[in-house]
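Right, one structure below, let's go through it.
What follows is calculated from the coordinates using simple rules that are stated; it is not laboratory data. Please read all numbers here as calculations on a predicted model, not as lab measurements. Neighbour counts are summed over all protein chains in view; Cβ atoms, including those assigned to glycine, are modelled from backbone coordinates with ideal geometry.
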Amino acid sequence: MTRRAAASPVIVAAAGAAGGLTLYALGHTLWYGLEERGIALAFGILIAVGELARWGGRGAPGAVAREPAPLGAAGALAYALLGESGGAPTHHGVLQIIAVVAAATLAGAVPHVALGRGPSLDHLIRRILTVSFAAVCFQPLYNSGELQELVGLGPWYALWLVAVLVFTALCDAVLSAVLTRARTHWPYGPLLRDELRALVGIGSAVGATGAVMSLAVAVAGLWALPVFSAPLLLTQLAFRRYAAVRTTYRQTITSLARATEIAGYTPSGHARRVAALSCAVGRDLGLSEADLTVLEYAALMHDIGQLSLVDPIPAGATALLPPADQRRIALLGGAVVRQTGVPSDVAVVVERQADPYRDQPLTARIVRTANAYDELSRSAGPSGMLTALERLRLGTAHDYHPEVVESLSRVVGRGV
């Protein structure tokens, strides 16, 4: 279990900026009233519905959550980039946009909060700050008439919207990586890389839908909202089905990994602890999301080869066995994994976890080190953590990679 720590100054500053901006925008809007109330209500309902339909899939331990409410995000961006409705110019400004988006997001999140699965603080911060950025880039120029003088209302206008969306998406990726880095202390570079890769998928769909919505409403009016939001809503439902399948797949692997515990070959919870440690070390060393998934599955199934043994190893402690026995169990485990339909990359990690570390891929080095740490710390009593780390450091000449051991030390020091 992760030890709770004081809130990072970065998160406090971001939350303060988003919260202060929201309160000021709400106060300003309540004081001066809403411009184009029908339009504000329509977009508010769309954003709230998007939040009501939010989803979340479970990935590797500690995995970064992607956009859980793409319809709500697209609606918020469309409202921020709206200049006309049915051919008539709109007059809502940046503060009204922030107020409507914040109020609708919170309203749509109420049922989820009541069920104990409301949006995270990072999600709310990103929604407010990124929509504010898009609105500031578009609304002042449009309302002053300068945008029309610069690009007109033809193709260049659409390109301007796309440019604003691209910069907004980049800002959101940077902000997400910064917040995750502040919360978890994972390396910033890999976090930003994963966020940028995610823009190609759901991020591009959200941005494109937001741009199309704003352009369609400008021509056809509010009737365009349900027409252009339906495809993204259907896509969101498809993603929910896909996430459910992935979750079931992961649960199946977890159940299969528990076979060694049920049969008495390994202690209860060993596979789960090794998987959690392995994923934390993988994050610390900057592995991608795809590699983390392979790492988690391999860590869960790393002891599956012990089922072939006639006599169980005492406490399932393979780290204390001779290298030849470790290698035999690893090869048997890899053969079992290949018969389960799990990706072959997982079987490779299971097979090579007992190789000398200089010959191993990084994922196998991590699994081997995390497994040894859990076994050594469990058998060493109250001083298990320090004793296990000391023995791992002594084994860096041949058995354990020094960089992985030091990463494990940092992870354990943070309370994982």
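Quick look at the numbers
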{"item": "Cα centroid separation - the stretch 250-326 against the stretch 188-230, whole Å", "result": "40 Å"}
{"item": "Ser85 long-range amide H proximity, modeled H, under 5 Å", "result": "Thr90"}
{"item": "Residue (of Ser204, Ala18, Met301) at the positive-pole extreme of the chain, dipole from beta-carbon charges", "result": "Met301"}
{"item": "Nearest-0.05 FRET efficiency for Tyr32 and Val151, computed from C-beta distance (R0 30 Å)", "result": "0.50"}
{"item": "Against the rule of thumb 2.2 N^0.38 Å, how large the Cα Rg of the stretch 9-242 comes out", "result": "0.97"}
{"item": "Per-residue HN-Hα couplings for the stretch 225-230 [Karplus 6.51, -1.76, 1.60; θ = phi - 60°; Hz; x = Gly/Pro]", "result": "4, x, 5, 8, 8, 4"}
{"item": "Computed E for Val227/Ser8 - FRET, C-beta separation, R0 51 angstrom, nearest 0.05", "result": "0.75"}
{"item": "Under the Karplus curve 6.51 cos²θ - 1.76 cosθ + 1.60, θ = phi - 60°, whole-Hz ³J(HN,Hα) for the stretch 206-215, x wherever Gly or Pro sits", "result": "5, x, 5, 5, x, 5, 5, 4, 5, 5"}
{"item": "Theoretical FRET efficiency, 1/(1+(r/R0)^6), r = Cβ-Cβ of Arg414 and Val162, R0 41 Å, to 0.05", "result": "0.50"}
{"item": "Label-point separation, Ala263 to Ala315 (7 Å along Cα→Cβ), nm", "result": "2.2 nm"}
{"item": "Using alpha-carbon coordinates, inclination of helix 94-114 to the longest axis of the chain, degrees", "result": "40 degrees"}
{"item": "Whole-angstrom Cα spans of the stretch 164-311 along principal axes, big to small", "result": "75, 31, 19"}
{"item": "Crossing angle, helix 384-394 versus the chain [Cα axis fit, 0-90 degrees, rounded to tens]", "result": "80 degrees"}
{"item": "Residue-averaged 222 nm ellipticity for the chain, from DSSP H runs of 4+ at -39500 (n - 2.57), nearest 500", "result": "-23000 deg cm²/dmol"}
{"item": "Vicinal HN-Hα couplings computed from phi for the stretch 280-287 (Karplus, 6.51 cos²θ - 1.76 cosθ + 1.60; Hz; Gly/Pro x)", "result": "5, 5, x, 4, 4, 8, x, 5"}
